[in-house]
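Undergrad: Following this message is one structure expressed as structure tokens.
Nothing in this text is a laboratory measurement; each read-out follows from the coordinates by a stated rule. Fair warning: this is a prediction, and the values are worked out from it, not measured in the lab. Please note: Cβ atoms are built from the backbone with ideal geometry, for glycine as well, and neighbour counts cover all protein chains shown.
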Amino acid sequence: MNLKTLFTIIIVFICYACVSQKNIEPEKISNGDLLFSKAEYYYKKKSYLKALNTYIKFHTQFPFSPLAAAAIMKIGDIHLKQNKPVIARTNYKKVIAKYPNHFLVPDAKANILFAFFKEGRYDKVISNALLLIDKTASTNYILKVKAILGDAYMASRFFTDAAYYYLSVYHLLNNYEKKKIIVKINNVFKQLDKSEIKLLLERFEDIQIKGNVLYLFGKNKVINEQYDDAFNVLSDFIEKYPNDINVKSAEDMLEKIEDMSVFDHYSIGCLLPLSGQYQYIGKKALKGIELAMINFSAQNQTNSIKIIIQDTGSDPDKAVLSAIQLFDRHVAAIIGPIVTSDVVAKESQKAKVPLITLTQKENITRVGDYVFRNFITPEMQVKSIVSFANNVLGIEKFAVLYPKENYGTTYMNLFWDEVIKHDGEIVGVESYNAHQTDYSIPIKKLIGLYYRIAQKKQTTQEELPDPIIDFEALFIPDSPKKAELILPQLVYYDIENVYLFGTNLWHSEKLVNMSQRYMRGVVMPDGFFAQKKSKKVKAFVKLFRQTYDETPEFIEAIAYDTAMLLFQILTESDIQSRNDIKNELLNLTHYDGLTGLISFDETGDAQKKLYILRIKGKKFVEIKQP
């Protein structure tokens, strides 16, 4: 072999392996070498169309060049990147057929597997890969083949086989490559149980690989918060492989698991605003929780539940500090807060302590899987009222009169969206200033009088036009105090034969005490009805009145339900960790509470059917729903 040929082969190897080239004197490079280098330049710059055309041009002009095989390989690679696996495979086969002794042949064979995988032909990947695994081949080649074989088994849902091949290469990879394949290992471990891991271990002879299997499986259990399984697997790993390099990491994880596992099974924390501007609500909730404690203790003499109460006020910093104090006292779970829920939710998620908030805070349960909510939300109310209007009353046309502030705007938008979902029609929407007391202008706009009256005045005609009431129901998301002012003005403008829908705020004696003239067709949703004819509700209301000399409302009832369902989980389930409490809450099915049947969806939000109420005579009555 002459020097020129040897030099050219060296260039091929360096180019394909993407190793930085040393400066080469221009006079020693042929025209073919220059053309190939130009193609390589485009390839590295990801200008794949230019690179493809240049490689093809090179191979056409120099078909017998030592670089010809490399050019065909790169043509195949570009087609594979462009999601053209069939064309790519054709080029890889050409390398194998035309240059059977070339050092790129093993890579061509491996790349054929990648092409089959891109086509979704996993059976072809598996059958060809098993034939290609050769102990005499290079380590890099074996890694590529086993990795793609693992991917094919994973895609085919042969999880044990996928794990076998992923783990076979794991210990041979550098740190960067390990990070990529560990994601695949974690995904496949989610599909395997202990018995399958045992079978997997039996397939390996290498002590290092066996250690990796147990260590990574235990770590996977930690990631997925299966702490009991993690503790057992990692303990087994340390005992069997005491000299493994991952023992220290496993010991650290065990220590954290033990710290997290330390909790008082019968201790529940409460975060409530017992001072400040929201203390009225906080004290109502506390009464509900206290009554739950009294009732549960009377029924369960064997288990002693302990409640630890912390005042959050309306101060986020105070709320966070109170939450941390509860963590330090190893509570099993926390009820609340009512305000400052967002900052506490983040701390609870971080500490992995289940938290059931009593708040309407938007997206609060998206903080994490340890954050739950048991409360009625604007979405719940709107869905209940529109469903009732559509399915029971058969109403199709609606109007909305709302205060132009956050509460009113939120409900207006939700109501409009829900009506559209039910194939209904919003025929009028008007807003008013939250502080005004005269609602004549927005009312006249709703019924088509505002502009027509203006026109009449311009033409000096005295007779007022008739209102155009083209809606069957009017939604007014505002307080009872505002409703007292609005309803008489609706009657003044002859808006009488329509249903009036409000939010749960309308469940107030203030509305009942108004003149019956304005009360026909008033409907509202709520999460609790003290007059409900059920033994459970009657017993609760009676005990509450005896204890506090007042009638309970929604806040007291929802706090009572939240406490009671936690008491039940802690005393009736096989709870070994806070993670078990979280899972019990997620698996809760139709808990029969005062506020209806309670379940939590996958996000941690309570799912419940609200009461639909109307005013009859001088009291509220429940409307039965299908």
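Undergrad: How do D107, D317 line up, fewest other C-beta atoms within 10 Å first?
TA: Starting with the residue having the fewest Cβ neighbours, the order is D317, D107.
Undergrad: Can you list the GluC sites (Glu not before Pro) in region 140-247 that are in a DSSP coil and have 10 or fewer other beta carbons within 10 angstrom?
TA: Listed in order of number, the matching sites are E205.
Undergrad: Applying the Karplus parametrisation 6.51 cos²θ - 1.76 cosθ + 1.60 with θ = phi - 60° to the phi angles of region 341-351, what ³J(HN,Hα) value in whole Hz is obtained for each residue in order, glycine and proline being reported as x?
TA: 5, 5, 5, 5, 4, 5, 5, 5, 5, 5, 7
Undergrad: Distance cut-off 24 Å, Cα to Cα: go down the list K180/K256; K94/K144; K46/K98; K287/K350 and report the pairs above it.
TA: With Cα atoms farther than 24 Å apart: K180/K256; K46/K98; K287/K350.
Undergrad: Quick one: what does P(r) look like for region 24-260 with 10 Å bins over all Cα pairs, in whole %?
TA: Reading upward from the zero bin: 7, 25, 27, 18, 13, 7, 2, 0.
Undergrad: Direction-averaged shadow area of the convex hull around the Cα atoms of the chain, nm²?
TA: 43.9 nm²
Undergrad: Whole-Å semi-axes of region 378-526's equivalent ellipsoid, largest first, each the root of 5 times a Cα gyration tensor eigenvalue?
TA: 25, 18, 15
Undergrad: Then there is this: Counting alpha carbon pairs within less than 8 Å and at least 6 residues apart, what relative contact order, in whole percent, applies to the chain?
TA: Here the relative contact order equals 9 percent.
Undergrad: Apply the Karplus parameterisation 6.51 cos²θ - 1.76 cosθ + 1.60, with θ equal to phi minus 60°, to every residue of region 242-257 and state each ³J(HN,Hα) to the nearest whole Hz, in sequence, with x for glycine and proline.
TA: Result, rounded to whole Hz: x, 9, 5, 5, 9, 4, 4, 4, 5, 5, 5, 5, 4, 5, 5, 4.
Undergrad: Separate question: Could you please rank E553, E258, placing first whichever residue has the fewest other Cβ atoms within 10 Å of its Cβ?
TA: Ordered by Cβ neighbours within 10 Å, fewest first: E258, E553.
Undergrad: For helix 122-132, report the angle its Cα long axis makes with the longest principal axis of the Cα atoms of the chain; keep it between 0 and 90° and round to the nearest 10°.
TA: In the chain, helix 122-132 runs at an angle near 30 degrees to the longest axis.
Undergrad: Quick one: which of K57/K118; K283/K532; K194/K219; K179/K346; K582/K609; K198/K582 span more than 19 angstrom between C-alpha atoms?
TA: K57/K118; K283/K532; K179/K346; K582/K609; K198/K582
Undergrad: Whole-Hz Karplus ³J(HN,Hα) for region 591-605, in order, using 6.51 cos²θ - 1.76 cosθ + 1.60 and θ = phi - 60°, x for Gly and Pro?
TA: Here the 3J(HN,Hα) series is 5, 7, x, 5, 9, x, 6, 10, 9, 10, 7, 5, 8, x, 8 Hz.
Undergrad: Report, in debye and to the nearest 20, how large the dipole of region 24-260 comes out about its Cα centre when Lys and Arg carry +1 and Asp and Glu carry -1 on their Cβ.
TA: With only Lys, Arg, Asp and Glu charged at Cβ, the dipole is about 1660 debye.
Undergrad: Arrange E556, E602 by Cβ neighbour counts within 10 Å, fewest through most, would you?
TA: Neighbour counts put them in this order, fewest first: E602, E556.
Undergrad: Right, here's the next one. State the antiparallel share, in %, of DSSP beta bridges confined to the chain, rounding to the nearest 5.
TA: Beta bridges within the chain, antiparallel portion: roughly 30 percent.
Undergrad: Another question, then. How large is the helix-only mean residue ellipticity at 222 nm for the chain, computed as the sum of -39500 (n - 2.57) over DSSP H runs with n ≥ 4, divided by its residue count, in deg cm²/dmol to the nearest 500?
TA: That calculation yields -17500 deg cm²/dmol at 222 nm.
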